[in-house]
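Shown next, in structure tokens, is the structure this report addresses.
The values are calculated or read from the model by the stated rules, or taken from the named source; none is laboratory data. Remember, predicted model here, so these are calculated numbers, not experimental data. Methodologically, a virtual Cβ is constructed for each residue, glycine included, from the backbone with ideal geometry; neighbour enumeration extends over all protein chains shown.
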Amino acid sequence: MALKDVLVPDIGNFDSVDVIELLVKAGDVIAKDDSLLTVESDKASMDIPAPFGGTVKEVKTKVGDKIAQGHLILTLEAAEDNAASPASSTQAETINKVSSPAITKPAAETPKVEQAIPTPSRPAPEPPKQVQPAHQPLPVGESVVVNGGKSSHASPSVRRFARELGVNLAFIKGSAPKNRIVQNDVQAYVKNELAKPRSENMGAGLGSLATLPMPVIDFSQFGEIETKPLSRIKKISGANLHRNWVTAPHVTQFDEADITDLEDFRKSMMADAEKRGVKLTMLAFLIKASVNALKAYPNFNSSLSPDGDSLILKNYYNIGFACDTPDGLVVPVVKDVQSKDVLDIARDLMELSTKARERKLKIEEMQGGCFTISSLGGIGGTMFTPIINCPEVAILGVSRSSMQPVYDAKTKSFEPRLILPLSLSYDHRVVDGADGARFTSHMRMMLSDVRRLLL
Ligand code: CAO
């Protein structure tokens, strides 16, 4: 049995990447292509596969290390067939051509320990020429993929890998038999995308409007500074928010709903709800009302098709809600709201937001959303312009309710009423301004008369 060093393969245009997870330990018996560790750059994370099977003798890297091509990952006692195979000696020869301080001596001078690098990714397949955003949204990515009208051919693990990187499989041509997409294809595609000039990477139709590069400033010249790495959630949601902001032409419609009676009703029901273990929040009523408005204005419950030629209307009603967690913003989804009452919705909200804050949300609990509500009412503010959670076409922002004097024409006097500010951002490619105003008027009507919510 030959002992071999396994080195970091070509990982694209990165000087170094962070090791965020080790997937094997000394003594593990692994097969070719098993993932050894996960690395993360500021753009994506990827697994590095084993170049051949065998038994891990010693792991030479740890979580938190910064590694680059040629760095030693581990030593592996190659399985019999690998040890003797011509393929492994080719790999050992290949390594001699790679210049890196981490690479030890050529195979000839170190007869006992051969070196091998995991098979580098294949050259990036050319994506289709159509101009479209290359990524699916995370963390609310749809799982349906379209490839020239056909479903993409890929295993569940490759789909999960692509989803984690925000890659739409429809843009990848598989290199395995029958055009099956393998992990290497996804990695090659990501490398190719990241290597493109920024303007090409920034979504459909931007062309010469791509932003200027941000100036690089040494802030320490002005005072003391501290550099803190962004969390994984922040990096992923930041990239998605940016993509959504520059891709969808946003319009925000502001409105106000009189929730005096609804709030009285909610308070009168709270003790009863608590007995059933549920905190009855305003958000539960807002979700119920928004489904009613989505039914009245179905364009809001749609997504543009990937080619931008048609509208995909949805006959299900899954509502996402922005949830503030210590790691950043996540959007869990309350499913099948049309078949739930307000108490069911409130229970789902409790469970999902608890899971979100404990980092226990499953990927499927963040998928399939049709429309999102971002409620900052518990914190404060009078209004704001939320960013659409594309490929959804609208999002409702909710600010803090306050008592305001409202003129009553019947009594010719001002009455104190509880007013809730609403901010509806919508994709103007799909929704016209008139429908934007109709939608918020519908919401006002639903929220001002609690009986309508029960219908
Ligand atoms: N006006 C006035 N008070 C409000 C209110 C509103 N619109 N909405 C909630 N409140 C009150 C509640 O009644 C509650 O008061 P009590 O503690 O006295 O009962 C308090 O604020 C806290 O509410 P909550 O936050 O527990 O419950 P919620 O259902 O309103 O919100 C959730 C749940 C998950 C949406 C919230 O915790 C959260 O994370 N919000 C932040 C969302 C966010 O970050 N959005 C920005 C995304 S970027 O576009």
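Hey, does segment 409-432 have a residue that's within 16 Å of the ligand (Cβ to nearest atom), touching a Phe, Trp or Tyr at 6+ places or on another chain (Cβ under 8 Å) and not in a strand (DSSP E or B)? No: zero hits. When segment 291-340 is limited to residues that are at pLDDT below 95 and charged (D, E, K, R), the one that is farthest from Gly436 (Cα to Cα) turns out to be Asp327. Candidates are the residues of segment 377-408 that are touching an Asp or Glu at 6+ places or on another chain (Cβ under 9 Å) and free of Cβ contacts under 8 Å to residues at least 60 places away in the same chain; the one that is nearest to the ligand (Cβ to nearest atom) is Ile379. Restricting Glu93, Glu77 to residues that are modelled with pLDDT of 85 or more and either charged (D, E, K, R) or surrounded by 20 or more Cβ atoms within 10 Å (Cβ to Cβ) (or both) narrows the list to Glu77.
Thr354 meets each of the listed conditions (1) part of a helix (DSSP H, G or I); (2) surrounded by fewer than 21 Cβ atoms within 10 Å (Cβ to Cβ); (3) in contact with a strand residue (DSSP E or B) (Cβ under 9 Å, 6 or more places away or on another chain) apart from (3).
Within segment 393-447, can you find the residues that are among the aromatic types (Phe, Trp, Tyr) and over 24 Å from Phe265 (Cα atoms)? Result: Tyr426, single match.
Residue-level analysis places Ser448 among those that are surrounded by 14 or more Cβ atoms within 10 Å (Cβ to Cβ), away from the ligand (no atom under 11 Å from the Cβ), over 26 Å from the mean Cα position of the chain (by Cα) and of a type in the set (S, T, N, Q).
In segment 241-252 there is at least one residue that is among the basic types (Lys, Arg), assigned by TED's automatic domain parsing to the domain that holds Pro421 and closer than 30 Å to Asp18 by Cα.
Restricting Val8, Val19 to those that are closer than 22 Å to Gly166 by Cβ and at pLDDT 85 or above reduces the list to Val19. Selection of segment 356-377 for residues being among the β-branched types (Val, Ile, Thr) and out of contact with any helix residue (DSSP H, G or I) (no Cβ under 8 Å at 6 or more places or on another chain) yields only Thr372. Got at least one residue in segment 363-375 being modelled with pLDDT of 95 or more and within 21 Å of Glu274 (Cβ to Cβ)? The answer is yes, given that some residue of segment 363-375 is modelled with pLDDT of 95 or more and within 21 Å of Glu274 (Cβ to Cβ). Return the only residue of Val330, Val342 being closer than 19 Å to Ser237 by Cβ and not small (Gly, Ala, Ser). Going through Val330, Val342 in turn, the sole match is Val330. Among the residues making up segment 367-376, a single one is in a loop (DSSP other than H, G, I, E, B) and either without any contact (Cβ under 8 Å) to a residue 24 or more places away in the chain or of a type in the set (S, T, N, Q) (or both): Gln367.
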